[in-house]
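Notes for the one structure printed next.
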Amino acid sequence: MKYDAIIIGSGAGGSAAAYHLTQTGKQVLLLEKGEQLPSDGSTLDVEKVLRHGTFLNDEPWWDREGNIVVPEEHFNLGGKTRWYGAALLRFSPGEFRADPSRGFLAWPIGYEDLEPYYEEAERLLDLRTFAVEPGLQRLVAGLKSTDVRWASQPLPLGLSGDILQHRAEAAHFDGFASVEGLKSDAQNRFLDLVRRQPNLEIMTGRPVRALLPAASDPRTVIGVECEDGSRYYGDSVLLAAGALHSPRLLQSYCEVTGLAARLPAYRNIGRHYKSHVLTAMLAVAMRKVPDLLSKTVLLTHASFPYSSVQTLGGRLAEEIVNIQAPRWLPRALSRPLGQRAIGLFLQTEDGSHPDNRVVAATGWPVRPQIDYSLARLPHARTEHRSLVRTLRMQLLRLGYLPAVRPIPLSGTAHACGTLVSGVDPHSSVVDGEGRMHGMENLYVVDGSALPRSSRVNPALTIYAWGLRVASRLARAPLERSSAVLHT
């Protein structure tokens, strides 16, 4: 069977594209490397999820210095969206523009081009805000009274309106996969709406190892080959495997087919990797924190225009204290500390540098590599360090005991770039329609296409980008036909 579109990966962009193309009547095949997550409650089990990392990828990579690093990737239907904290925010209009002094690339489209797809994604994800609970309310009020440069706004969340009636789910939505479907993720808000349609086929446990070229011209991809040797053919192929994995497939394809020497865009594959500068901070209060949902506010500071602060959701802060407390600390002490902890998540837009990149295969034994250094992005490093220092000192003055943990290279929750979109094939990989420069029918719908990562989480923008690319692709044959008739 030949499909109209083959989509590799079922995260935010892949699921959004599958949803839209299926709605337009296209025959769609969605291939997912992992399996569907179990519904037996194990995805809410603290020991399995946090202590043992049962659901995490275990593939070893190299870092830039030749050390082994294991990226915290999730291979399952719905991808990372099943696990992370449901915070879904738009980028601002200014975050679509370039700022070369900070390593910020320009989008090939403007905010207004993505706005209708933001609106569609927000409707499908059923976003809402929640009341700020007492513990966080005290912390935010204290910061604002200490420093008037702090501002707060409600945090739009993809959570069911009645999640607070399900205590186990409310306490474990950030970093955990919902069993009851109370979190708006790619599976239950996109795929489940169309998966019974006869023109959508979803195959799990199907890792793709190669793209297949047309015999006449490798600039046309005719299908894919999976690791079990099975082959599937389609008119268009959409990469949605994520910023660490989509460039590996494309880099290998160009090298095997000889396109590496023919396409200017090839030299940009894997480059401009970014994942935010991230720090987790636990603020331990003098009194118990009664909050259950916790993740309800976004904080910004006028002195740090490329940064934001949000809270860790549910009782994640408490669970982190209980799991990561040193062995010499008695359980009788770690539990009360955890009950007093508010988790904060600090992030700064890191910008792009061409040498921050993903390499498909290198070293011995041969492994993929993340070559990334913040030293290449000194403005982001300086702003983030100042943000951490400022917040920590202000929390101390307010009577909180802050504990700081920088998120290491393995923390790839916000990974993007590596197949950046742009107008020039000499400095980007895909165009404003999501199609690779120089290729006839290869598109990118995941976060690897994002030229900037903003100061907020990228998930909503990836959903919107996937919807936009799919909408343009769905009507492309009609536009071509109209052009022929007009001629």
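Since every read-out is calculated from the coordinates, none of them should be taken as a lab result. Here the structure is a predicted model, which is why all the values come from computation and not from measurement. Here the Cβ positions follow ideal geometry from the backbone for every residue, glycine too, while neighbour counts run over all protein chains shown.
Using every alpha carbon pair in the stretch 24-70, what percent of pairs falls into each 10 Å bin from 0 up to the bin containing the largest distance?
20, 29, 28, 19, 5
When N is the residue count of the stretch 18-142, what does its C-alpha Rg come to as a fraction of 2.2 N^0.38 Å?
Numbers: Rg = 19.8 Å, N = 125, 2.2 N^0.38 = 13.8 Å.
The reported ratio for this selection is 1.44.
Sorted from largest down, what three extents in whole angstroms do the Cα atoms of the stretch 351-482 have along their principal axes?
Projected onto its principal axes, the Cα set of the stretch 351-482 covers 68, 41, 23 Å.
Lys and Arg at +1, Asp and Glu at -1: add these up for the other residues within a Cβ distance under 9 Å of VAL359 and post the number.
Net local charge, VAL359 excluded: +1.
On a 0 to 90 degree scale, rounded to 10, what angle separates helix 12-23 from the longest Cα axis of the chain?
That works out to roughly 50 degrees.
More than 25 angstrom separation, counting every C-alpha pair in the stretch 228-368; what % is that?
55 percent
Based on Cα coordinates alone, diagonalise the gyration tensor for the stretch 124-205, multiply each eigenvalue by 5, take square roots, and list the semi-axes in whole Å, largest first.
Details: eigenvalues 249, 41, 23 Å².
Rounded to whole Å, the semi-axes are 35, 14, 11.
In what sequence do VAL256, VAL237 fall when counting other Cβ within 10 Å, fewest first? Mind showing how you got there, number by number?
Details: VAL256 13, VAL237 28.
Placing the least packed residue first, the sequence is VAL256, VAL237.
What's the exposure ranking of ASP446, ASP45, ASP291, going from fewest to most Cβ atoms within 10 Å? It would help to have the intermediate numbers written out before the result.
On the way: ASP446 34, ASP45 16, ASP291 22.
So the ranking, lowest neighbour count to highest, is ASP45, ASP291, ASP446.
Any idea how many Lys pairs in the chain come in under 19 angstrom at the alpha carbon, given 8 or more places apart or on separate chains?
Final tally of qualifying lysine pairs is 8.
Search the structure for amide H atoms under 5 Å from the amide H of LEU263, placed 1.01 Å from N in the peptide plane, and list their residues when 5 or more places away or on another chain.
Amide H to amide H, under 5 Å and 5 or more residues apart or across chains, LEU263 pairs with nothing.
In the stretch 5-154, what % of DSSP beta bridges are antiparallel (nearest 5)? If you can, show how the numbers build up before the last one.
On the way: 3 of 8 bridges.
Counting DSSP beta bridges with both partners in the stretch 5-154, the antiparallel share is about 40 percent.
Show the residues, 5+ positions off or on another chain, whose built amide H is closer than 5 Å to the amide H of PHE130.
LEU155
Computed from the mean reciprocal separation of all distinct C-alpha pairs, what Kirkwood hydrodynamic radius does the stretch 176-301 have, in Å?
By the Kirkwood definition, the hydrodynamic radius is 19.2 Å.
With a 10 Å Cβ neighbour count serving as the proxy for reagent exposure, in which order, fewest first, do ASP58, ASP126, ASP235 appear?
ASP58, ASP126, ASP235
Please list 215-226, 302-313 highest first by mean number of surrounding beta-carbon atoms within 10 Å per residue.
302-313, 215-226
Quick check: the distance between the Cα centres of the stretch 215-244 and the stretch 273-316, to the nearest angstrom?
40 Å
What FRET efficiency, computed as 1/(1 + (r/R0)^6) with R0 = 22 Å and r the Cβ-Cβ distance, is obtained for ARG287 and SER145, rounded to the nearest 0.05?
Step by step, r from the Cβ atoms, then E = 0.75.
Of all beta bridges DSSP finds with both residues in the chain, what is the antiparallel percent, to the nearest 5?
70 percent
Can you tell me the orientation of helix 134-146 relative to the chain, as the angle in degrees between its alpha-carbon axis and the longest Cα principal axis, to the nearest 10?
Between the helix axis and the principal axis of the chain, the angle is about 80 degrees.
What is the helix-to-structure angle for 378-397, meaning the angle in degrees between its Cα long axis and the longest Cα principal axis of the chain, kept from 0 to 90 and rounded to the nearest 10?
Roughly 30 degrees between the two axes.
Tell me the label only: which of [x] 21, 46, 22, 8, 3, 0; [y] 24, 58, 17, 1; [z] 23, 49, 23, 5, 0 is P(r) over Cα pairs in 20 Å bins from 0, in percent as calculated from this structure?
Comparing each candidate, only [y] matches the computed number.
Per-residue counts of other Cβ atoms within 10 Å, averaged by peptide: what ranking do you get for 274-280, 244-250, highest first?
Averaged packing, sorted descending, gives the order 244-250, 274-280.
Sorted by average packing, counted as other Cβ atoms within 10 angstrom per residue and highest first, what order do 79-87, 281-289 take? Please report the intermediate quantities before stating the final value.
Values: 79-87: 24.8, 281-289: 18.0.
Result, highest mean first: 79-87, 281-289.
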